[in-house]
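What follows is a set of notes on a single structure, which appears directly below.
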2 protein chains.
Amino acid sequence: MAEDNVIFVGEKPFMNYVTAIVMQFTTKNAAEITIKARGKFISRAVDVAEVASKRFLNDQVKVNDIKIDSEEFTNKEGKEVRVSTIEITLSKKQS
Amino acid sequence: MAEDNVIFVGEKPFMNYVTAIVMQFTTKNAAEITIKARGKFISRAVDVAEVASKRFLNDQVKVNDIKIDSEEFTNKEGKEVRVSTIEITLSKKQS
């Protein structure tokens, strides 16, 4: 189930996301997790990736890939808006 | 001068950064520009990269590399704090 390995970062408490990632790698033995965020939550997604990979899973997990992109959509006022997105992939290090 | 090709994104008006990048690529003929930001300005750095590369320099410039990292320092209260950083490299496309 690929979707199990995707964490969307939003406005929940910061440590919820870090804990979810640590659990997936440790108890569920995931090989790879993708952290996704949009707009103002991008900074937070980077914080989550850094804290999970360096403070909690150091020597076990590394940042493997980072992609940024834009999504365009029509807002409630009927105006075209653009929002940036990020995808950060953490992978188990080969031991 | 490598430093000429580095843009630090902070709290100035958004378009200042975009304009600076567009100018470097067009009038100064830069081959590569690195956008750097820390903490809450990371989301903004991604917006700047997306708007510069897709809206203004589409077909000319692409996101070539993205790195995230952490910096640790001691704040005014003498406490160790961690801040995330990002570096986004935009490069001229080969034509």
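Derivation of every value follows stated rules applied to the coordinates shown; laboratory data play no part. Just so it is clear, the structure is predicted and the values come from calculations on it, not from any experiment. FYI the Cβ positions are ideal-geometry reconstructions off the backbone, even for glycines, and counts take in every protein chain you see.
General observations
- Inter-copy label distances at B:Asp69, using a point 7 Å along Cα-to-Cβ, come to 2.8 nm with the shortest given first.
- Projected-area mean, the protein assembly as shown, by convex hull of Cα positions, square nanometres: 14.2 nm²
- Shielding by other protein chains, B:30-39, mean Cβ within 10 Å: 1
- For the segment B:43-53, counting C-beta atoms of other chains within 10 Å of every residue's C-beta and taking the mean gives 5.
- Loop-located GluC sites (Glu not before Pro) in segment A:9-78 (DSSP state not H, G, I, E or B) with no more than 10 neighbouring Cβ atoms inside 10 Å: A:Glu11, A:Glu77.
- Of the trypsin sites (Lys or Arg not before Pro) found in segment A:9-95, the ones in coil according to DSSP and having at most 10 other Cβ atoms within 10 Å of their Cβ are A:Lys28, A:Lys76, A:Lys79.
- Expected-Rg normalisation [2.2 N^0.38 Å, Cα atoms] applied to chain B: 1.16
- Bridging of A:Lys54 to aspartates and glutamates at a Cα separation below 19 Å is possible for A:Glu32, A:Asp65, A:Glu87, B:Asp69, B:Glu71, B:Glu72, B:Glu80, B:Glu87, once same-chain residues fewer than 8 apart are set aside.
- Averaged over the residues of A:80-89, the number of partner chain Cβ atoms lying within 10 Å of the residue Cβ comes to 3.
- For A:Thr27, the point set 7 Å out from Cα toward Cβ sits 5.9 nm from its twins in the other copies, listed from shortest up.
- Copy-to-copy label distances for A:Glu80, where each label lies 7 Å from Cα along Cα-to-Cβ, are 5.0 nm in order of increasing length.
- Pair A:Phe56, B:Arg82: separation of 7 Å Cα→Cβ label points (nm): 1.1 nm
- Between A:Phe73 and B:Glu72, the modelled labels are 3.9 nm apart [label points 7 Å from Cα along Cα→Cβ].
- Size of electric dipole in chain B: Cβ of Lys, Arg +1 and of Asp, Glu -1, about Cα centre, debye, nearest 20: 280 debye
- As a proxy for reagent exposure, A:Ile42, A:Ile7 were ordered by neighbouring Cβ count within 10 angstrom, fewest first; the result is A:Ile7, A:Ile42.
- Within the shell defined by Cβ-Cβ distances under 11 Å, the residues around A:Val51 carry a net charge of +2, with Lys and Arg each +1 and Asp and Glu each -1.
- Degrees between helix B:14-26 axis and first principal axis of chain B (Cα, 0 to 90, nearest 10): 50 degrees
- Too-long pairs where the Cα-Cα distance tops 27 Å, listed order kept, from B:Lys12/B:Lys62; B:Lys36/B:Lys92; A:Lys93/B:Lys79: A:Lys93/B:Lys79
- Of the residues A:Ile68, A:Ile21, A:Ile33, the one that moves most in a GNM of chain A with alpha-carbon contacts below 10 Å is A:Ile68.
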